[in-house]
Amino acid sequence: MEQVHPSEFERAGQDLARRSVFIEQAMRMLGVSKRTVYYRIREGRLRTIRVRGGSQRVLIQSIHDLVATDKQRPARPPASSGDASAVSSQTVSCR
């Protein structure tokens with residue numbers, strides 16, 4: 001088994017810091033609420049890693065992928081309150 005030097009752990013930690021951000025940072029980068037970040041994680045649209053101590057970090061590449069995907073989606077048409085042409089013109093008489 002090969003020995004791993006502490007400096008390799010330090011480099012790995014620095015690399016991790018460059019490749020991932022805390023939930024709060026992801027929230028600010030995306031301009032959404034913390035809850036929305038957690039929803040995107042649960043949906044699989046944002047990828048995370050767990051670090052020592054149990055905190056969760058969002059991979060920056062997954063943030064870039066999410067933004068790129070959202071830009072490619074066509075905009076949803078606004079919800080209409082009803083099409084007036086589809087309303088029947090029948091009248092009801094009361095006697």
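The values are calculated or read from the model by the stated rules, or taken from the named source; none is laboratory data. What you see is a predicted model; the values in this text were computed from it and never measured. Note: ideal-geometry Cβ built from the backbone for every residue, glycine included; neighbour counts use all protein chains shown.
The number of residues in the stretch 39-64 being under 9 Å from the mean Cα position of the chain (by Cα), in contact (Cβ under 8 Å) with a residue 24 or more places away in the chain and in a loop (DSSP other than H, G, I, E, B) comes to 1.
If you filter the stretch 26-38 down to residues that are under 15 Å from V67 (Cα atoms) and assigned to a helix (DSSP H, G or I), you find that the one that is nearest to the chain's Cα centre (by Cα) is V37. Of all the listed residues (F9, F22), the sole one being of a type in the set (F, W, Y), over 10 Å from the mean Cα position of the chain (by Cα) and at pLDDT 85 or above is F22. Among the criteria (1) modelled with pLDDT under 90; (2) surrounded by 14 or more Cβ atoms within 10 Å (Cβ to Cβ), the one R57 does not fulfil is (1). Taking the conditions (1) at pLDDT below 95; (2) surrounded by 14 or more Cβ atoms within 10 Å (Cβ to Cβ) in turn, R40 satisfies each one other than (1).
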